[in-house]
1. Looking at (1) over 19 Å from the mean Cα position of the chain (by Cα); (2) modelled with pLDDT under 85; (3) among the aliphatic types (A, V, I, L, M), which is the only condition L69 fails?
2. Does any residue of segment 150-167 turn out to be of a type in the set (A, V, I, L, M, F, W, C), farther than 30 Å from I292 by Cα, part of a helix (DSSP H, G or I) and touching a residue at least 40 places away in the same chain (Cβ under 8 Å)?
3. Among all residue pairs at least 6 apart or on different chains, which show Cβ distances below 9 Å where the first residue, located in segment 277-304, is over 20 Å from R259 (Cα atoms) and of a type in the set (V, I, T) and the second is at pLDDT 95 or above and in a loop (DSSP other than H, G, I, E, B)?
4. State all residues of segment 251-281 that are among the hydrophobic types (A, V, I, L, M, F, W, C) and at pLDDT 95 or above; if no residue qualifies, say none.
5. What pairs come out if I take residues in segment 56-68 that are among the aliphatic types (A, V, I, L, M) and pair them with residues that are surrounded by fewer than 18 Cβ atoms within 10 Å (Cβ to Cβ) whose C-beta lies under 7 Å away, six or more apart or interchain?
6. Taking segment 146-175 on its own, how many of its residues are over 29 Å from E124 (Cα atoms) and either in contact with a Lys or Arg (Cβ under 7 Å, 6 or more places away or on another chain) or small (G, A, S) (or both)?
7. Looking at K304, K248, K312, which one is at pLDDT below 95, basic (K, R), exposed (fewer than 13 other Cβ atoms within 10 Å of the Cβ) and out of contact with any Pro (no Cβ under 6 Å at 6 or more places or on another chain)?
8. Of the residues T104, T53, T108, which is surrounded by fewer than 21 Cβ atoms within 10 Å (Cβ to Cβ), among the β-branched types (V, I, T) and farther than 28 Å from K176 by Cα?
Amino acid sequence: MSGFSFWVPFNGDFKLLDKLKEHFSDTINGNKIEGIYFPAPQEFFGSARVVKTFTMDDAKKVIGFCNDLGWKSNMLMNSSCGGADWYSPKTISKTLFLIKNMKTLGLTSITITNPIYLQKIKKEIPDINITVSVISEIASVQRAKYFEDLGADAFVPDRDINRNLELLKEIKTSTKMNMILMVNEGCLYRCPQRNIHYNFTSHCSTPNEKEYYTMDFHSNYCIDIKKNNPEELLKSQFILPQHLNKYKSITKSFKIVGRTRYTEDILNITKAYLGEGGAGNILNLMSGTTPIVCERYGYNISAKLLDDNFFKKVTTCNKNCMNCNYCKKLIDKGLTS
């Protein structure tokens, strides 16, 4: 009985909520859904994913659903760029209005990237629980302490340190904030386009600039690299369901990524993580561009290939891939298409 808890994404399909209720109201293997996260209404705030229109009424429905089940709700306000008027009194006032409105309906927490907004929101609404986004790149004790001092209650650390267990432990023991590990983001390790891609999607997730998302050069760059160098798929800092137990001394809180995935995909991914196994092709677990690569080129990597030896290797190596061919050899051995 592991006792892990998971945040699950809402993809805009309300049938997903009914199916989550049907299949995951009770614990699985001692693990449970802690809550559902969803974007802020786009008329108020951008986020890190470009999804279909999400309104105030939609947000109210998700919050109400969570309240009925005793699950928590988290509204994403994790844009990394809000344009020139982001700090104007009008924009800040509108943001505070939104949070206060949602909180009266039972919203339990928000996720924030911008530290200025975090500080302002905590000052004006001290009893709202605030999680620092993975986009804020907390990868050191010092950075974690900065956000804690601003009023954060929880944080998702930089995904690129997911396999640095000693650093995770050091950050965890140095702060009172709850640590939530992101398990299945499929982005490239140390991607050079990560920050500007987030800036791009932050703008494109808003109504006025959504049309420009057809020119997502960053995703195309990522897809090409994964196609031509499939070993990069293994270097991505995912945490597999069968390896969750390796993190129990660090945290028991995890976040499943996938707001752009189909409903059945989210259900299957949630089942695999709550059950701590049964992944099959690990690429089906991932989000970002990895599902596109998997579908387009038929790539398959069996979870059985990535055993405890794999976990030990990738959590103890020095990440100097130029002097190591471990992932390349493993891909040559186990990648099918």
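The values are calculated or read from the model by the stated rules, or taken from the named source; none is laboratory data. Here the structure is a predicted model, which is why all the values come from computation and not from measurement. A quick note on method: Cβ atoms are made from the backbone with ideal geometry, for glycine too, and the neighbour counts reach across all protein chains shown.
1. (2)
2. no
3. I301/P230
4. F254, I256, V257, I266, L267, I269, A272, L274
5. Qualifying pairs under 7 Å: I63/L105; I63/G106.
6. Of the residues in that region, 1 qualify.
7. K304
8. Among T104, T53, T108, only T53 is surrounded by fewer than 21 Cβ atoms within 10 Å (Cβ to Cβ), among the β-branched types (V, I, T) and farther than 28 Å from K176 by Cα.
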